[in-house]
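Right, one structure below, let's go through it.
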Number of protein chains: 2
Amino acid sequence: MDVRTLCLAVLYQGEASGYEIKKAFKEGAFSHFQDASFGSIYPALGRLSTEGLVECTQMAQEKRPDKKVYKLTQSGEDTLITSLLAPPTPDRFTSDFFFVLYFAELLPLPQVIKLLDQRISFYKETIERMTQCDPASLPTGRRLCHGLGLTVYQNSLTYLEENKERFITELRSQHETPRTSSPDTKTKDINLKQIDTNRHAS
Amino acid sequence: MDVRTLCLAVLYQGEASGYEIKKAFKEGAFSHFQDASFGSIYPALGRLSTEGLVECTQMAQEKRPDKKVYKLTQSGEDTLITSLLAPPTPDRFTSDFFFVLYFAELLPLPQVIKLLDQRISFYKETIERMTQCDPASLPTGRRLCHGLGLTVYQNSLTYLEENKERFITELRSQHETPRTSSPDTKTKDINLKQIDTNRHAS
DNA sequence: ATAACATATATCAGCTTGATATATGTTGAA
DNA sequence: TTCAACATATATCAAGCTGATATATGTTAT
């Protein structure tokens with residue numbers, strides 16, 4: 001989804017400033033499956049205003065910079081619904097965690113352990129935050145989103161906790177016995193390089 | 001990770017052309033957690049060549065355009081390792097599926113059912129492809145990536161299958177009894193708009 | 001005190017995507 | 001048979017987006 005549609009979606013839930021829209025992606029309702037930066041939000045709001053999909057009210061504030069509060073118009077609401085009806089584009093998931101983990105054998109063991117521990121903490125914190133919300137209070141669509149997302153985090157945590165020790169033990173034994181015979185580094189690299197690139201990894 | 005590092009990573013597993021590197025992201029080893037387009041791969045390879053991180057060999061082919069095969073140099077290998085040691089950036093997940101599902105109440109029910117069925121098919125196909133690979137044959141790091149990824153897909157599938165019917169029934173009852181009293185559309189919208197934007201959704 | 005963080009908007013270099021162009025071969029369906 | 005769809009192969013580019021930076025001020029914790 002383009003940022004303009006994302007802004008309409010946030011504004012559907014109530015009027016907001018650019019700064020508040022950013023928060024919806026950073027820590028709010030959409031934070032687990034959409035994102036947008038200030039650099040795209042502010043221009044998007046400008047264009048949505050010009051096109052009449054949102055209305056802007058300048059709010060003078062004491063001791064704060066002026067706030068521009070945007071509100072969805074009927075036209076904006078219609079446009080949002082139309083966008084929702086279009087065939088969804090495929091998910092996009094990019095993860096340095098998976099990428100680095102993939103090459104675990106090439107890295108110092110403490111580095112890999114740190115990576116896993118940080119990931120476990122991340123899952124725990126995310127689950128903690130998500131379970132503070134009572135699913136029963138959410139509208140139907142939001143509740144399914146919430147439940148599916150929470151399931152993913154919970155099962156990922158369980159998987160990592162169940163496999164962490166075995167994984168580390170295995171890596172350690174590979175570090176101690178670098179390879180079958182000679183200490184020639186090339187051998188290891190050549191073996192790794194022969195692995196089929198066209199098989200699935202995660 | 002920038003596309004230059006991603007190219008180094010693919011080339012670490014064996015020499016390849018730009019086209020073949022793209023395949024590693026589209027359907028190959030990195031397809032579940034990284035992506036890159038031709039528009040970024042070809043310029044990246046050019047720059048990596050200039051910097052001496054890869055070497056290029058022009059391969060004349062019968063009945064096919066020339067192929068430029070790139071190979072990692074020692075310098076490129078070192079650069080890859082250094083990049084892997086840097087603190088990983090947070091995951092980025094963007095999903096139209098979640099985004100549309102979030103607004104399920106606003107859409108025609110057949111549309112929502114189609115969305116769920118397509119998602120279930122997607123999970124099934126992905127799991128099918130991933131289980132064709134024998135995890136025991138993978139190096140340690142790749143095996144953990146593979147296992148964690150597969151777990152996510154399998155649990156997502158299970159969750160959707162277990163909750164689909166209840167979810168649809170609930171949406172249907174909302175469509176049949178749009179709200180407590182009057183058929184005034186505004187009422188529904190206002191209710192929805194009062195929902196707290198700053199709570200978690202997935 | 002003072003550093004870190006929060007509110008609030010805005011700009012911009014640089015990177016990336018998705019579409020398009022070019023040229024050719026293969027495969028499967030009508 | 002023909003013809004569309006798909007695969008191999010490289011390359012370019014407008015449009016969009018990120019991440020950093022600038023500006024101005026208030027609050028909170030150390």
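The values are calculated or read from the model by the stated rules, or taken from the named source; none is laboratory data. All figures in this text were calculated on a predicted structure; none of them were measured in a lab. In this analysis, Cβ positions are derived from the backbone assuming ideal geometry, glycine residues included, and neighbour counts consider all displayed protein chains. Protein only, heavy atoms only, side chains kept; ligands, DNA and RNA dropped before computing areas. Shrake-Rupley method; radii C 1.70, N 1.55, O 1.52, S 1.80 Å.
Details
- Solvent-accessible surface (1.4 Å probe) assigned to A:D2 amounts to roughly 80 Å².
- This model, with +1 at the C-beta of Lys and Arg and -1 at the C-beta of Asp and Glu, gives the protein assembly as shown a dipole about its Cα centre of some 300 debye.
- Given a 1.4 Å probe and the protein chains as shown, A:R119 ends up with an accessible area of around 20 Å².
- With a simple spin-label model that places each label point 7 Å from the Cα along the Cα-to-Cβ direction, the separation between A:R166 and B:E162 comes to 2.2 nm.
- Cross-link pairs beyond the 32 Å C-alpha cut-off, checked among A:K67/A:K124; A:K71/B:K124; A:K68/B:K22; A:K67/B:K26; A:K124/B:K124; A:K23/A:K114: A:K67/A:K124; A:K71/B:K124; A:K68/B:K22; A:K67/B:K26
- Accessible surface buried by the A/B pair amounts to about 9000 Å², both sides summed, 1.4 Å probe.
- Where the range B:3-85 is the region considered: accessible area per residue in Å², 1.4 Å probe: 49
- Taking the accessible area of the protein assembly as shown, probe 1.4 Å, and keeping the other protein chains in place, the carbon and sulfur fraction comes to 51%.
- Both radii are taken from the alpha-carbon atoms of the protein assembly as shown; with Rh as the Kirkwood radius, Rg/Rh is 1.02.
- For B:E161, the point set 7 Å out from Cα toward Cβ sits 2.5 nm from its twins in the other copies, listed from shortest up.
- FRET efficiency estimate (nearest 0.05) - Cβ-Cβ, B:Q132 to A:E55, R0 60 angstrom: 0.65
- Selection from B:C7, B:V54, A:F98 lying farthest towards where the dipole of the protein assembly as shown points positive, charges on Cβ: B:V54
- Using the Cβ-Cβ distance between B:E176 and A:Q174 with R0 = 41 Å, the FRET efficiency computed as 1/(1 + (r/R0)^6) comes to roughly 0.10.
- What the pair-distance distribution of chain B shows, using all Cα-Cα distances binned every 5 Å from zero, is 1, 6, 11, 13, 13, 12, 10, 9, 8, 6, 5, 3, 2, 1, 0 percent.
- Between identical copies, the spacing of A:A60 label points, each set 7 Å from Cα toward the C-beta atom, reads 7.8 nm from nearest to farthest.
- Charge sum, other residues only, whose C-beta stays under 12 Å from A:I41's C-beta, Lys/Arg counted +1 and Asp/Glu -1: +3
- Dividing the summed helix terms, -39500 (n - 2.57) for each DSSP H run of n ≥ 4, by the number of residues in the protein assembly as shown produces a 222 nm estimate of -19000 deg cm²/dmol to the nearest 500.
- Selection among A:P139, B:Q154, B:A29 by position relative to the dipole of the protein assembly as shown gives B:A29 as farthest towards the positive end (Cβ unit charges, Cα centre).
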